[in-house]
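A short write-up of the structure that comes next.
The values are calculated or read from the model by the stated rules, or taken from the named source; none is laboratory data. Everything numeric in this text was worked out from a predicted model, so none of it was measured. In this analysis, Cβ positions are derived from the backbone assuming ideal geometry, glycine residues included, and neighbour counts consider all displayed protein chains. Please note that ligands, DNA and RNA were not included when accessible areas were found on the heavy atoms of the full protein model with its side chains. Shrake-Rupley method; radii C 1.70, N 1.55, O 1.52, S 1.80 Å.
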Amino acid sequence: MLLPRRQLTLALLKPDLCANPNTISKIISRITATNQHNNFEIIRQREILWRQQDAEAFYAEHRGRFFFERLCGYMTSGPFMALVLARQDAIKEWRALIGPTHPWRARINAPNTLRSLYGLTDTRNSFHGSDSDETAKREIEFFFPELDVDAWRRQEEK
Ligand SMILES: Nc1nc2c(ncn2[C@H]2C[C@H](O)[C@@H](COP(=O)(O)OP(=O)(O)OP(=O)(O)O)O2)c(=O)[nH]1
Ligand SMILES: Nc1ncnc2c1ncn2[C@@H]1O[C@H](COP(=O)(O)OP(=O)(O)O)[C@@H](O)[C@H]1O
Ligand SMILES: [Mg+2]
């Protein structure tokens with residue numbers, strides 16, 4: 001039986017989460033839990049500490065938005081975790097698991113998603129997930145330049 005083709009996505013567990021190691025292990029076990037919703041495989045995992053210019057480069061698409069400075073301040077406020085996750089429809093499934101951008105909206109419309117459970121404010125919403133295949137390639141190679149996403153995808157097509 002052919003296994004379903006897997007997709008890669010970039011996940012970030014943002015600094016507020018990494019301040020509490022117990023939280024991280026709970027979230028990692030939820031990510032890898034073998035059930036029909038999750039069951040992500042962690043292909044790469046790395047603790048990151050950003051300088052201001054790293055945050056500004058990663059979030060360049062948001063430069064000029066009213067929250068850009070506070071977003072960069074938040075993302076450079078401490079170490080965070082970068083993960084490459086693989087499963088069928090990984091991009092869509094990870095964004096479904098983390099829920100809407102705004103935690104207060106998640107608590108109303110998407111209870112039990114990770115941002116509804118852990119998110120603090122609109123900026124400090126605790127999680128990031130790539131929003132497309134093209135973004136996932138850019139974001140994965142931003143944190144893991146040694147991982148050739150195109151080669152991984154070709155291997156997965158075989
Ligand atoms: N359109 C617009 N929305 C704003 C402005 N200032 C704040 N907001 C939005 C951002 C948030 O979605 C919401 C609540 O602002 P807060 O500063 O309380 O949330 P935020 O997530 O930015 O908090 P944080 O920086 O983490 O303390 O209001 C603004 O100047 N323009
Ligand atoms: N209205 C907002 N107020 C405060 N911070 C925001 C707002 N919109 C987005 N952000 C911050 O910028 C990050 C990137 O925004 P965006 O790409 O739109 O959301 P997502 O992370 O859900 O893809 C969000 O995760 C959040 O930390
Ligand atoms: Mg986004």
Give just the number: which of (1) touching a residue at least 12 places away in the same chain (Cβ under 8 Å); (2) within 14 Å of ligand 3 (Cβ to nearest atom); (3) on the phi < 0 side of the Ramachandran plot does Pro79 not satisfy? (2)
Out of the range 1-56, which residues are open to solvent by 50 Å² or more (accessible area, probe 1.4 Å), in a strand (DSSP E or B) and of a type in the set (Ser, Thr, Tyr)? none
Name every residue in the range 131-158 that is near ligand 2 (Cβ under 10 Å from one of its atoms) and either part of a strand (DSSP E or B) or out of contact with any helix residue (DSSP H, G or I) (no Cβ under 8 Å at 6 or more places or on another chain) (or both), in order of residue number. Thr135
Would you confirm, using the coordinates I've provided, whether Thr101 is within 15 Å of Lys14 (Cα to Cα) and over 14 Å from the mean Cα position of the chain (by Cα)? no
Condition first: within 24 Å of Lys26 (Cβ to Cβ), in contact with a Gly (Cβ under 8 Å, 6 or more places away or on another chain) and in contact (Cβ under 8 Å) with a residue 12 or more places away in the chain. Can you find one or more residues in the range 130-138 that meet it? no
For the range 123-130, indicate whether the set of residues that are crowded, with 18+ Cβ neighbours inside 10 Å, in a helix (DSSP H, G or I) and within 15 Å of ligand 2 (Cβ to nearest atom) is non-empty. no
